[in-house]
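Asker: Provided herewith is a single structure, encoded as structure tokens, for subsequent inquiry.
Nothing in this text is a laboratory measurement; each read-out follows from the coordinates by a stated rule. Here the structure is a predicted model, which means the values were calculated and not measured. Glycine also receives a Cβ, built like all others from the backbone with ideal geometry; neighbour counts cover every protein chain displayed.
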Amino acid sequence: MRNIALFLLFLPLFILTSCGCHSYGLKAGLNASTIRGDDTDNLDPRIGFQFGGFAEFCFDEVVAIQPEVLYSQQGAKYSDSDGYDGTFKLDYINVPVMAKFNLGEKFAIEAGPQAGILISAKDDYKSSDDSGVDNIKDDIKNIDYGASFGLSYDFDSGYVLGARYNLGFADINDSPETASLKNQNGVFQLFVGFKF
């Protein structure tokens with residue numbers, strides 16, 4: 001564990017001293033998120049948004065590393081047999097570290113690991129005679145992790161367009177009542193960014 005901590009501590013210094021160029025930027029976009037795994041047949045995507053900042057460090061004309069910090073609205077919509085409709089609203093601070101492989105001057109393939117910290121979890125429900133919002137943060141694990149992959153296109157003006165899918169590996173279910181169920185996040189993203 002100590003070796004991993006030291007590696008993560010010195011990784012930014014290695015990147016900064018090894019890269020040939022760097023840029024910084026902001027990005028925002030739409031999420032279509034769902035929860036995968038056990039007992040998820042009644043779930044539909046939740047539409048939310050994501051925004052944050054990124055830095056890009058290029059090693060040559062083909063390879064770059066792009067760490068990001070993003071606020072991301074995730075979760076899923078549901079309809080159950082008791083007549084309730086609702087939305088599981090899971091909001092995260094996500095930190096993807098993307099390896100970018102440039103295909104020519106404009107297009108890039110992106111892939112890399114992502115870690116997420118849960119900052120809010122609510123069940124927003126309603127039926128014909130009842131409605132409310134429950135805090136379910138104790139039923140969702142605080143840490144999420146997975147992999148992200150996608151495509152991006154850089155414009156000469158500094159704008160960036162892209163699409164990405166975040167595939168969660170971590171079991172996010174922490175509810176004692178459904179401890180046998182294993183569930184993971186899945187998020188499709190469309191985004192626009194601007195590099196400074």
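Asker: Go ahead and collect, in residue order, the members of segment 87-103 whose backbone nitrogen is under 18 Å from a label point 7 Å along the Cα-Cβ direction of Ile47.
Answerer: 87-90
Asker: Let me ask you something else. Principal axis lengths of segment 22-195 from Cα atoms, whole Å, largest first?
Answerer: 58, 29, 24
Asker: For a quick check: with amide H placed at 1.01 Å from N, whose amide H comes under 5 Å from Asp174's, ignoring anything fewer than 5 positions away on the same chain?
Answerer: Ile140, Lys141
Asker: Next question, about the same structure. Which net charge results when you count Lys and Arg as +1 and Asp and Glu as -1 among the other residues whose beta-carbon is under 13 Å from that of Arg164?
Answerer: Details: positive: Lys27, Lys100; negative: Glu68, Glu110.
Once positives and negatives cancel, what remains is 0.
Asker: Right, something else. So what are the ³J(HN,Hα) numbers for segment 147-155, from phi and the Karplus equation (6.51, -1.76, 1.60; θ = phi - 60°), rounded to whole Hz, Gly and Pro as x?
Answerer: 10, 10, 8, x, 10, 9, 9, 9, 8
Asker: Would you kindly derive the ³J(HN,Hα) couplings of segment 109-125 from the backbone phi angles with the Karplus curve 6.51 cos²θ - 1.76 cosθ + 1.60 (θ = phi - 60°), listing them in order in whole Hz, with x for Gly and Pro?
Answerer: Per residue, the Karplus-derived 3J(HN,Hα) values read 9, 10, 7, x, x, 9, 10, x, 10, 6, 10, 7, 8, 9, 10, 9, 10 Hz.
Asker: Turning to a different aspect of this structure: How far is the Cα center of segment 163-196 from the Cα center of segment 28-66, in Å?
Answerer: Between the Cα centre of segment 163-196 and that of segment 28-66, the gap is 8 Å.
Asker: Suppose every K and R has +1 on its Cβ and every D and E has -1 on its Cβ; what is the size of the dipole of segment 151-196 about the Cα centre, in Debye to the nearest 20? Walk me through the numbers on the way to the answer.
Answerer: Working: 3 positive and 5 negative charges, 24 e Å.
Its charge dipole is roughly 120 debye.
Asker: From the helices alone, meaning DSSP H stretches of at least four residues, give me the mean residue ellipticity at 222 nm for the chain, per-run term -39500 (n - 2.57), in deg cm²/dmol to the nearest 500. Write down the numbers at each step before the final one.
Answerer: Details: 1 runs with 17 residues, N = 196.
Rounded to the nearest 500, it is -3000 deg cm²/dmol.
Asker: Then there's this: Can you check what the net charge comes to around Asn94, using other residues whose Cβ is under 9 Å from the Cβ of Asn94 (Lys, Arg +1; Asp, Glu -1)? Kindly include the intermediate steps, with their values, before the conclusion.
Answerer: Values: positive: none; negative: Glu68, Asp144.
Result for the local shell: -2.
Asker: Roughly how tilted is helix 2-18, in degrees to the nearest 10 and between 0 and 90, from the longest Cα axis of the chain?
Answerer: The answer is roughly 50 degrees.
Asker: Using Cβ counts within 10 Å as a stand-in for footprinting exposure, how do Lys106, Lys122, Lys89 rank, fewest first?
Answerer: With the sparsest Cβ surroundings first, the list reads Lys106, Lys122, Lys89.
Asker: Among residues other than Phe194 whose Cβ falls under 11 Å from its Cβ, what is the net charge (Lys/Arg +1, Asp/Glu -1)?
Answerer: Working: positive: Lys27, Lys195; negative: Asp154.
Neighbour charge sum, excluding Phe194 itself: +1.
Asker: As an exercise, use a Förster radius of 45 Å and the Cβ-Cβ distance of Val192 and Ser127 to find the FRET efficiency, rounded to the nearest 0.05. Mind dumping the intermediate values first?
Answerer: On the way: r = 38 Å, r/R0 = 0.84.
The calculated FRET efficiency here is 0.75.
Asker: Assuming 0.36 nm per residue, please report the length gained on full extension of the stretch Cys21 to Asp80 beyond their Cα-Cα distance. Kindly include the intermediate steps, with their values, before the conclusion.
Answerer: Working: separation 59, 0.36 × 59 = 21.24 nm, distance 5.22 nm.
Taking Cys21 through Asp80 to full extension adds about 16.0 nm, to one decimal.
Asker: Here's something else I'd like to know. Order these peptides, 69-75, 143-149, by their mean beta-carbon neighbour count within 10 angstrom, highest first.
Answerer: Working: 69-75: 21.7, 143-149: 17.0.
So the order, starting with the most tightly packed, is 69-75, 143-149.
Asker: Quick one: how many lysine pairs in the chain have C-alpha atoms under 26 angstrom apart, if they're 8 or more apart or on different chains?
Answerer: Taking the chain as the scope, the lysine pair count is 27.
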